[in-house]
Amino acid sequence: MKKSALPEQERVRRILDILGRRYPHPKTLLHFNSPFQLLVAVILSAQTTDAQVNRITERLFQVCRGPEDCLRLGQAGLEEYIQGCGLYHNKARHILAACQKLLEDYGGQVPADRQALLSLPGVGKKSSAVILANAFGVPALAVDTHVFRVSHRLGLAKAPTPEATERELCQIIPQERWADAHHWLIYHGRNTCRARNPECGRCPVAEWCPAAEMGVPVPAAGSGKKSAAASRRSAKRGE
């Protein structure tokens with residue numbers, strides 16, 4: 001049965017069920033042992049691969065276990081540990097400013113509240129969703145480049161921006177599946193539904209995918225990818 005013959009709610013359920021079986025243990029690829037470590041890793045991850053962030057934090061987290069430790073390092077000391085990632089000057093400033101605010105306003109603890117997280121330097125809407133879902137188990141669905149691309153190809157969203165796409169996805173995906181769906185779409189985007197040369201022939205959800213059905217599996221218009229300059233500006237703001 002083609003996707004067009006199914007009610008939309010059932011089509012979405014089938015896609016999620018199939019991706020859930022394909023990727024049964026969804027979790028972030030960033031390594032962390034505490035909400036604070038995840039906060040730092042997420043700030044470092046802007047325009048940097050998860051693998052590179054993990055290489056950096058493997059050393060960093062030996063000396064930075066909490067906000068006080070990072071503040072003792074200072075800007076120059078912290079930069080020595082994180083200079084392997086892009087925009088490390090700005091990221092060091094964000095991390096130190098976030099550490100100061102954690103100590104002043106939240107007793108040194110990372111808050112499990114979205115608005116509070118958004119008040120931290122270096123944390124934008126996507127970052128806050130990643131922290132809530134992975135550190136606290138709070139339902140949240142962050143939209144990165146993979147999630148944006150795959151959700152549009154699958155016809156799960158049509159909005160032109162990541163923020164509006166998040167709202168659309170949260171409307172059609174049950175709340176208890178938000179966090180897992182975020183990871184499923186990322187894994188699927190990395191492994192099969194890549195930006196270039198997506199492997200529709202071996203895609204487990206191709207039967208329910210409008211892009212594959214039309215034979216035009218290309219990134220959706222307004223694919224969510226920013227220009228290099230815009231990406232740099234977003235990273236500097238911590239988005």
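The values are calculated or read from the model by the stated rules, or taken from the named source; none is laboratory data. Not measured: the values here are computed from a predicted model. When we count neighbours, we look across all protein chains shown, and the Cβ atoms used for this are built from the backbone with ideal geometry, even at glycine.
General observations
- Given (1) among the hydroxyl-bearing types (Ser, Thr, Tyr); (2) loosely packed, with under 15 Cβ neighbours inside 10 Å; (3) farther than 21 Å from residue 124 by Cα, number of the condition residue 81 does not satisfy: (2)
Okay, residues lined up against (1) more than 28 Å from residue 173 (Cβ to Cβ); (2) buried (at least 18 other Cβ atoms within 10 Å of the Cβ); (3) of a type in the set (A, V, I, L, M):
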position: 109; (1), (2), (3): yes, no, no
position: 119; (1), (2), (3): no, no, no
position: 128; (1), (2), (3): no, yes, no
position: 145; (1), (2), (3): no, no, no
position: 148; (1), (2), (3): no, yes, no
position: 153; (1), (2), (3): no, yes, no
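- Leading residue by the ranking (surrounded by the fewest Cβ atoms within 10 Å (Cβ to Cβ)) among those in the range 30-52 that are of a type outside the set (Ser, Thr, Tyr) and not in a helix (DSSP H, G or I): 33
- Checked against the criterion of being without any contact (Cβ under 8 Å) to a residue 60 or more places away in the chain, within 30 Å of residue 87 (Cβ to Cβ) and small (Gly, Ala, Ser), the candidates 46, 41 yield just one match: 41.
- The residues in the range 63-91 that are outside any helix (DSSP H, G or I) and on the phi > 0 side of the Ramachandran plot can be counted, and the count is 1.
- Test result for residue 48, polar (S, T, N, Q), closer than 29 Å to residue 139 by Cα and modelled with pLDDT under 95: yes
- For the range 4-20, the candidate set comprises residues that are under 19 Å from residue 147 (Cβ atoms) and without any contact (Cβ under 8 Å) to a residue 24 or more places away in the chain; within that set, the residue that is surrounded by the fewest Cβ atoms within 10 Å (Cβ to Cβ) is 17.
- Candidates 151, 119, filtered to the one that is more than 19 Å from residue 47 (Cα to Cα), assigned by TED's automatic domain parsing to the domain that holds residue 47 and modelled with pLDDT of 95 or more: 119
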